[in-house]
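K.L.:
I have a structure here, written as structure tokens, and I will follow up with some questions on it.
The values are calculated or read from the model by the stated rules, or taken from the named source; none is laboratory data. Predicted model only: the values in this text are computed from it and were never measured. For neighbour counting, all protein chains shown are included, and Cβ atoms are generated from backbone atoms with ideal geometry for every residue, glycine included. We work out accessible area using only protein heavy atoms, side chains counted, and drop any ligands, DNA or RNA first. Shrake-Rupley method; radii C 1.70, N 1.55, O 1.52, S 1.80 Å.
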Amino acid sequence: MLKNWKLQEVGGAVTLLICGLVLLLMPELTLVTIANVIGIFVIVIGAFFLVSYFMRKELAAGNNDLIKGLVIVFVGIFICVKSELVVSILPVVLGIGVVLSGILKLQHAFDLKRMGFGTWVRIAITAAINVFIGLIVILNPFSTAAWLMRLVGIAFIFSGVTDLVTTIYVSRKASEYYVDGKAEEE
């Protein structure tokens with residue numbers, strides 16, 4: 001179970017690092033690409049509803065697949081055409097992700113404290129910094145989305161690095177905890 005957790009955490013941390021580097025190095029391209037990918041994805045979902053409606057042989061009372069499909073396709077087209085609007089809210093959504101990552105690290109810190117390890121404070125400090133950076137992103141004090149995306153990239157890199165360090169440390173300490181039999185003493 002611990003190995004599975006460690007693998008998931010390391011995978012998430014590496015994903016954050018990669019996304020952070022892309023956002024840091026290519027913010028304008030990233031913003032437009034993300035908006036277009038979201039728009040295309042929404043169009044595909046709408047098309048699925050439309051195809052479902054026209055492929056159905058029997059009539060179903062109360063089935064709204066035609067209208068759902070049309071509305072969703074139009075929303076997707078709007079996202080693609082008005083990508084600057086999507087881009088303006090995207091950093092806030094990404095900032096929420098950074099805050100959530102910090103809150104998760106805070107949980108890890110409290111878990112270490114409950115296991116009796118005094119080093120939990122360091123993890124808690126990195127978690128607080130993570131939450132602080134995420135809040136800065138959410139409050140958007142910068143004038144351009146590109147700079148904000150660079151900040152999000154830096155936040156993702158910080159979050160990814162601290163996730164890796166935290167995962168390795170917590171994994172090692174949890175192994176010690178269970179190997180030394182401390183878990184059975186409680």
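K.L.:
By the scheme Lys and Arg +1, Asp and Glu -1, what is the net charge of all other residues having a beta-carbon under 9 Å from that of residue 124?
P.N.:
+3
K.L.:
Counting other Cβ atoms within 10 Å of each Cβ, which trypsin sites (Lys or Arg not before Pro) in segment 1-80 have at most 14 and sit in a DSSP loop?
P.N.:
Filter output for segment 1-80: 56, 57.
K.L.:
Per DSSP H run of n ≥ 4, the term is -39500 (n - 2.57); total these for the chain, divide by its residue number, and report the mean residue ellipticity at 222 nm rounded to 500 deg cm²/dmol.
P.N.:
The per-residue figure over the chain is -30500 deg cm²/dmol.
K.L.:
Pop out the carbon and sulfur fraction of the accessible area of the chain as a percent, whole number, probe 1.4 Å.
P.N.:
Reported share for carbon and sulfur atoms: 74 percent.
K.L.:
How far apart, in nanometres, would the label points at residue 75 and residue 129 be if each is projected 7 angstrom from Cα along the Cα-to-Cβ direction?
P.N.:
3.9 nm
K.L.:
What does the accessible area per residue of the chain come to in Å², with a 1.4 Å probe and no ligands, DNA or RNA counted?
P.N.:
Per-residue value: 61 Å².
K.L.:
Then there's this: For residue 105, list the lysines whose Cα falls under 27 Å from its own Cα; do not include residues on the same chain fewer than 8 positions away.
P.N.:
Qualifying lysines at Cα under 27 Å: 3, 6, 113, 173, 182.
K.L.:
Using Cα positions and a limit of under 26 Å, work out the lysines in reach of residue 68, with same-chain residues fewer than 8 apart set aside.
P.N.:
In chain and number order, the partners are 57, 82.
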